Amino acid sequence: MKKGTKLGLGIGGLLLGALLLSGCTNSFCSTVDKAHILYAIDHGVCQYYETEDEAKAASDSYGLVPGTNVYFAASFDNCGNLRKIINSATKEGISVPSLKYYIALDNVVLDHAIQQKAADDSSRTADEIKANLTAEEIGSAKETNGLLYDYGYLKYYGTNEKESKKLWENWVAFDNEARLTYTGTLIDNVAECPNTDFSTYYKKQMSNTINSYRSCLALKGGNYGRYGAEEIEVQIQAKSYGYAWKNGPLSGLLVWPIGALLDVFTVGMTNAVGQGWAQLFAILFVTLIVRSLMLLVTFKQTTSSTKMQELQPEIAKIQAKYPNSNTNQYEKQRLAMETQALYKKHKINPLTSILVMIVQFPVFICVWGAMQGSAQLSSGEFLHLNLSTSISSVLTTWSNWAHPTSGVWTALGLFLLMSAAQTVAMLLPQWLNAAKKKKIAKLGRNPAQKESDNKMKYFTYIMLAMIIFMGFSLVSALGVYWLIGALFSIAQTLITHAIMNRKKSK
């Protein structure tokens, strides 16, 4: 086969692999899920009260909700994310809408929530609901009941048949309705409404935020997560096995099953040990299952790699016979021939370690996709640490260090334990081999092998650094997975080493 053909096939294989793996990290969030999350991020400026005095005490901007007996009090402080966007847009020199505009928009959202409630519950019309509406019935995005929690997502949803166009469709329609309905009454003039620059900026900021959320893989629909500045739980739809295949074959084969196991174990153990510990045990069981299955699949390759490690003293003796193999072509050939003969005698394929890595890498990506996508892991905390947040986000938020309930010490302990366990797991085989080579050190050291050993050490250190960095920057659940996986690897290495020594002694 020509070099060009080989290169083309190699590049094609890499692209195909990248395409397959890209589906492993796709978001499981449906358009409805995203609309719920967007509303949790920006749930408006109004809060609702039964009396005018209560509303007046809450804010200088207050009034009666049109067509109802409920009062509102409005402030940008009622929604931390919207306040941040308003402040950052102001710093960028972008003209921002007035508080009156957002009151009008909230009125439109509430009106559509009432209409949808009437459509879902035929026992009352929209006018009847309005006439008897209470502040408690309206609720808020922060409460897991009420009109706004159930139907506030309509602000960002839509009815377009094309799925890709559903998100943001209603936001445009509601914006136009607020302008037409309230300009000249609640809104003084059009200048108080968002201009094109602000609308573009707002959608970009909200889209960037929503794209960072992926925890929507749930077997049963319900309230999950911690979204927005107020860390609000939102309604997430159940995801079927068929839905997973839309993200790609690996998503269906591995990501959804792993996420489903996390869901089942967490739900099954929550009543017994509490949600946080249930999540931890779920990750433990899933890690053991995944690593055990990988061990079965790669058993032959793992055994071959272990035999190679056991043969290091024999290989060192061969290398000592040819100290100039790095410069002498004859010695280089003889070294290669005798080393190959030794491998053949013990039925070892040196390429098996590469095959193991080829299997492990996509599995790791799928585990990562499942853990960042698990809705169960996005709710609750383990020792004050939410397992869907990254260790880095907890440790680099400096205000967390002053609050013991922020989870900062749990995150720090997890990171240190994970790093230590990974270091031991990756370097333990080298330490065991070094101990075996002590007896043959006097035979001399092959310069070529010394260079090869140094390259292998550098490769190991680079891989270790990458794992520690990724454990620091990715979701905390993955840090737990790597910690348990490292302990599994250490036990596997020690057990295999003991078995090989026992066979050798016999």
Which residues, counting only those in the stretch 388-411, are crowded, with 16+ Cβ neighbours inside 10 Å and assigned to a helix (DSSP H, G or I)? Ile391, Ser392, Val394, Leu395, Asn400, Ser406, Val408, Trp409, Thr410, Ala411
So the check is Cβ under 6 Å with 6+ separation or different chains; which pairs have a first residue in the stretch 37-57 that's closer than 16 Å to Ala141 by Cβ and a second one that's assigned to a strand (DSSP E or B) and at pLDDT below 95? Ile37/Tyr227; Ile37/Val234; Ala40/Tyr227; Ala40/Ile232; Ala40/Val234
Got at least one residue in the stretch 272-293 being closer than 22 Å to Gln430 by Cα and modelled with pLDDT of 75 or more? yes
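Residue by residue, here is whether (1) more than 33 Å from the chain's Cα centre (by Cα); (2) among the acidic types (Asp, Glu); (3) within 25 Å of Tyr157 (Cβ to Cβ); (4) in a strand (DSSP E or B) holds:
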position: Gly67; (1), (2), (3), (4): yes, no, yes, no
position: Asp77; (1), (2), (3), (4): no, yes, no, no
position: Arg83; (1), (2), (3), (4): no, no, yes, no
position: Ser88; (1), (2), (3), (4): no, no, no, no
position: Tyr101; (1), (2), (3), (4): yes, no, yes, no
position: Val108; (1), (2), (3), (4): yes, no, yes, no
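The rows are residues; the columns are (1) touching a Phe, Trp or Tyr at 6+ places or on another chain (Cβ under 6 Å); (2) under 17 Å from Glu233 (Cα atoms).
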{"position": "Ser27", "(1), (2)": "no, no"}
{"position": "His43", "(1), (2)": "no, yes"}
{"position": "Cys46", "(1), (2)": "yes, no"}
{"position": "Thr51", "(1), (2)": "no, no"}
{"position": "Ala55", "(1), (2)": "yes, no"}
{"position": "Ala58", "(1), (2)": "no, no"}
{"position": "Val65", "(1), (2)": "yes, no"}
{"position": "Val70", "(1), (2)": "yes, no"}
Test: residue in the stretch 88-99 that is buried (at least 18 other Cβ atoms within 10 Å of the Cβ) and of a type in the set (Ser, Thr, Tyr): no
Evaluation of Ser122 against (1) under 34 Å from the mean Cα position of the chain (by Cα); (2) outside any helix (DSSP H, G or I); (3) farther than 15 Å from Tyr202 by Cα (one fails), failing number: (1)
Qualifying residue in the stretch 166-181 (condition: touching an Asp or Glu at 6+ places or on another chain (Cβ under 8 Å) and surrounded by fewer than 20 Cβ atoms within 10 Å (Cβ to Cβ)): no
Could you run through the stretch 200-245 and say how many residues are over 24 Å from Val45 (Cβ atoms) and aliphatic (A, V, I, L, M)? 6
Just a yes or no: is a residue in the stretch 434-445 in the same structural domain as Gln319 (by TED's automatic domain parsing), assigned to a helix (DSSP H, G or I), over 23 Å from Glu233 (Cα atoms) and modelled with pLDDT of 85 or more? no
Are there any pairs, at least 6 apart or on different chains, whose C-beta atoms fall under 7 Å, with the first in the stretch 365-392 and closer than 19 Å to Asp33 by Cα and the second among the charged types (D, E, K, R) and surrounded by fewer than 24 Cβ atoms within 10 Å (Cβ to Cβ), and if so, which? Gln372/Arg214; Gly373/Arg214; Ser374/Asp263; Gln376/Asp263; Ser378/Arg226; Ser379/Glu233
Counting only residues that are out of contact with any strand residue (DSSP E or B) (no Cβ under 8 Å at 6 or more places or on another chain) and closer than 27 Å to Ser240 by Cα, the stretch 369-424 contains a total of 3
If I filter the stretch 131-142 for residues that are part of a loop (DSSP other than H, G, I, E, B) and surrounded by fewer than 16 Cβ atoms within 10 Å (Cβ to Cβ), do I get at least one hit? yes
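The values are calculated or read from the model by the stated rules, or taken from the named source; none is laboratory data. The shown structure was predicted, so the numbers you read here are calculated from the model rather than taken from an experiment. Cβ: placed from backbone, ideal geometry, glycine included. Neighbour counts: every protein chain shown.
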